[in-house]
1. Residues in the stretch 306-322: is at least one within 16 Å of the chain's Cα centre (by Cα) and surrounded by fewer than 12 Cβ atoms within 10 Å (Cβ to Cβ)?
2. Inside the stretch 106-140, can you point out the residues that are open to solvent by 10 Å² or more (accessible area, probe 1.4 Å), out of contact with any strand residue (DSSP E or B) (no Cβ under 8 Å at 6 or more places or on another chain) and closer than 18 Å to G261 by Cβ?
3. So which helices (runs of 4 or more DSSP H) stay within the stretch 71-169 end to end and still have 2 or more residues that are within 30 Å of H234 (Cβ to Cβ), among the small types (G, A, S) and within 12 Å of the ligand (Cβ to nearest atom)?
4. Would you check if D140 is within 27 Å of Q62 (Cβ to Cβ), in contact with a Phe, Trp or Tyr (Cβ under 8 Å, 6 or more places away or on another chain) and at pLDDT 95 or above?
5. Do we find a residue being surrounded by fewer than 20 Cβ atoms within 10 Å (Cβ to Cβ), within 16 Å of the ligand (Cβ to nearest atom), part of a helix (DSSP H, G or I) and touching a residue at least 12 places away in the same chain (Cβ under 8 Å) anywhere in the stretch 289-303?
6. Of all residues in the stretch 1-57, how many are open to solvent by less than 10 Å² (accessible area, probe 1.4 Å), among the small types (G, A, S) and within 16 Å of the ligand (Cβ to nearest atom)?
7. Taking T200 and the conditions (1) surrounded by fewer than 17 Cβ atoms within 10 Å (Cβ to Cβ); (2) polar (S, T, N, Q); (3) touching a strand residue (DSSP E or B) at 6+ places or on another chain (Cβ under 7 Å), which numbered condition does it fall short on, given that it satisfies the others?
Amino acid sequence: MKRIAVLTSGGDAPGMNAAIRAVVRTGIDRGWEVFGVRQGFAGLIAGVMEPFTLRDVGGILQRGGTILGSARCPEFHSPAGRRTALHHLGERGIEALVVIGGNGSQTGAHQLSQMGFPVVGVASTIDNDLVGSDITIGVDTALNIALEAIDRLKTTASSHQRAFLVEVMGRDSGYLALMAGIAGGAEAVVIPELETDPATVAAELRAAYERGKAHALVVVAEGAKYNAEAMAAHFRDHKEELGFDLRVTTLGHVQRGGAPGAFDRILATRLAAGATAALARGERGSLVGHIRGEVTTTPLTEVVGKKKPLDLHLLELANVLAK
Ligand code: F6P
């Protein structure tokens, strides 16, 4: 192999730059040329890519976001879009592609792989919902950002004896909410995997006050049926009977921004180095992930169209600890 390309796709995740750096430097170390593709699959379709040198990826390890840019690209799901992408790769003599991203991105990687082009994915999403990796790039940093917000909210909640709700991201996965709830000591956690109605949450918050707590905090996943908006509406409509109201904070994209922590820098570096190693071994059509502490590869056929299940025992644990 002489030439490979790397792109970042879908929602950015803290640590993507460390992954780009590791693909470029380990690729060059193997004697390859490494092209960086701009704006994910959109850049592949538009043919926007250029060779990267060792110095081009200097000083990026500690930066959030992705220096390559990212995009959500519905055009790539059409065969015509993918044929255009393959044409641009072929024009430059690029023989393999590394796709750094989450579920949607790995679906694109798989589709390209099924057309016969060598592709290896790197597991990167703050949602941690990807089959083939116990933990994905960006999760740890996003979780720490959510925790900083929760810790701050708890101090003001205690001062005023108020109930607070924090909504975290995760699309249709409750992983971030559940972990933030456990690590932040929430009184209640609401996730998409298990429907919880607002009346139950209100009862849990009231019970916390009755146990003598000065604050009551609920962490809600954005994908839950009763997310921040739905929960806030219920509390507003039932204010009289509940006897207290709820202050709502939606963290949103704040969780995806900022510098990656040590864990994500190291994870991203190991997975990306694993991607060039997999290509060097002749592996294609697989996802590089982290399973039981090891860098592993899983066929993309076993990854796409699935969602990693959440360990619901941890929700029971969160409820016990909330007491
Ligand atoms: O997949 C990562 C993620 O941040 C999800 O948690 C969230 O639902 C989604 O991306 C938001 O997407 P966008 O940045 O396109 O609004």
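1. Yes; the residues of the stretch 306-322 include at least one that is within 16 Å of the chain's Cα centre (by Cα) and surrounded by fewer than 12 Cβ atoms within 10 Å (Cβ to Cβ).
2. Of everything in the stretch 106-140, those that are open to solvent by 10 Å² or more (accessible area, probe 1.4 Å), out of contact with any strand residue (DSSP E or B) (no Cβ under 8 Å at 6 or more places or on another chain) and closer than 18 Å to G261 by Cβ turn out to be D127, D140.
3. Result: 139-160.
4. Values: within 27 Å of Q62 (Cβ to Cβ): yes; in contact with a Phe, Trp or Tyr (Cβ under 8 Å, 6 or more places away or on another chain): yes; at pLDDT 95 or above: yes.
For D140, the condition - within 27 Å of Q62 (Cβ to Cβ), in contact with a Phe, Trp or Tyr (Cβ under 8 Å, 6 or more places away or on another chain) and at pLDDT 95 or above - is met.
5. no
6. Counting residues in the stretch 1-57 that are open to solvent by less than 10 Å² (accessible area, probe 1.4 Å), among the small types (G, A, S) and within 16 Å of the ligand (Cβ to nearest atom) gives 5.
7. (3)
The values are calculated or read from the model by the stated rules, or taken from the named source; none is laboratory data. Small disclaimer: the values here were computed from a predicted structure and weren't measured. Note that each Cβ is placed from the backbone with ideal geometry, even for glycine, and that neighbours are counted across all protein chains shown. We work out accessible area using only protein heavy atoms, side chains counted, and drop any ligands, DNA or RNA first. Shrake-Rupley method; radii C 1.70, N 1.55, O 1.52, S 1.80 Å.
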